Amino acid sequence: IVTLRFSNLYGPAPCHGPRHGWLTWFCIAAALGREVEIQGGGRQTRDMLHSDDINEALLAALQHADRLAGRVFNVGGGAPNVISVGAAVEHLRNLHSVHVGSPALKVTERPERRRHEDDRFVTDHRAFTAETGWSPTVSPFKGAEGVYEWALRNAESLAAVYPC
């Protein structure tokens with residue numbers, strides 16, 4: 001058994017809403033014309049890990065399972081894949097205006113933050129990278145573009161999953 005602790009995941013698939021999978025949720029909400037909510041000023045940053053990179057990490061763990069057995073690794077986007085909530089929303093605004101035009105992306109800003117929320121979170125995946133050679137390749141900006149376009153193509157099905 002090899003344990004991988006993934007953090008800040010996103011990709012083209014339904015998610016559990018804004019609390020879990022916030023970048024995916026923002027893309028879905030934007031594509032459906034729903035409101036995107038920024039809490040605490042949007043300066044909070046996270047390293048993001050795209051589903052394609054998750055798949056590659058899982059394959060790397062399988063390929064090196066004999067050497068990794070019994071160990072636990074943190075796997076995330078790392079410092080090169082950090083994005084703030086505000087920067088993600090601004091990127092979606094730009095994507096939305098290119099793909100949809102008007103109306104503009106609906107954004108609500110709330111000054112209060114969620115309790116116990118970190119200002120910055122970055123996963124240190126150096127141990128896993130050293131053992132397997134794996135590293136993330138999908139930037140949060142490029143990845144969000146793909147998720148947003150996927151959500152536009154699947155808007156009817158997503159609207160059924162996320163009514164109102």
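Return the residue satisfying two criteria in turn: it lies in the stretch 53-83 and is in contact with a helix residue (DSSP H, G or I) (Cβ under 6 Å, 6 or more places away or on another chain) and within 16 Å of GLY143 (Cα to Cα), and of such residues it is surrounded by the fewest Cβ atoms within 10 Å (Cβ to Cβ). Ranking the qualifying residues of the stretch 53-83, first place goes to ILE83.
Taking the criterion of being among the aliphatic types (A, V, I, L, M) and surrounded by fewer than 11 Cβ atoms within 10 Å (Cβ to Cβ), the only residue of the stretch 110-150 that qualifies is ALA130.
The condition of being open to solvent by 70 Å² or more (accessible area, probe 1.4 Å) and modelled with pLDDT of 95 or more holds for ARG153. Of the residues making up the stretch 109-164, those that are assigned to a helix (DSSP H, G or I), of a type in the set (Ser, Thr, Tyr) and touching a residue at least 60 places away in the same chain (Cβ under 8 Å) number 2. Evaluated against (1) more than 30 Å from ALA130 (Cα to Cα); (2) open to solvent by 60 Å² or more (accessible area, probe 1.4 Å); (3) in contact with a strand residue (DSSP E or B) (Cβ under 6 Å, 6 or more places away or on another chain), VAL107 falls short on exactly one condition, (2).
Scanning the stretch 31-50 for residues that are surrounded by 15 or more Cβ atoms within 10 Å (Cβ to Cβ) and in contact with a strand residue (DSSP E or B) (Cβ under 9 Å, 6 or more places away or on another chain) yields a count of 13. Before we move on, is ARG93 farther than 25 Å from PHE128 by Cβ, of a type in the set (Lys, Arg), open to solvent by 10 Å² or more (accessible area, probe 1.4 Å) and touching a strand residue (DSSP E or B) at 6+ places or on another chain (Cβ under 8 Å)? Considered against the rule, which asks whether it is farther than 25 Å from PHE128 by Cβ, of a type in the set (Lys, Arg), open to solvent by 10 Å² or more (accessible area, probe 1.4 Å) and touching a strand residue (DSSP E or B) at 6+ places or on another chain (Cβ under 8 Å), ARG93 comes out as yes. Within the stretch 1-30, being open to solvent by 20 Å² or more (accessible area, probe 1.4 Å) and assigned to a helix (DSSP H, G or I) holds for TRP22, TRP25. For the stretch 128-146, the criterion of being on the phi > 0 side of the Ramachandran plot and either among the polar types (S, T, N, Q) or modelled with pLDDT under 95 (or both) is met by none of the residues.
The values are calculated or read from the model by the stated rules, or taken from the named source; none is laboratory data. If you're wondering where the values come from, they're calculated on a predicted model, not measured in any experiment. Don't worry about glycine lacking a Cβ; one is built from the backbone with ideal geometry, like all the others, and counts go over all protein chains shown. For accessibility, only protein heavy atoms count, side chains too; no ligands or nucleic acids. Shrake-Rupley method; radii C 1.70, N 1.55, O 1.52, S 1.80 Å.
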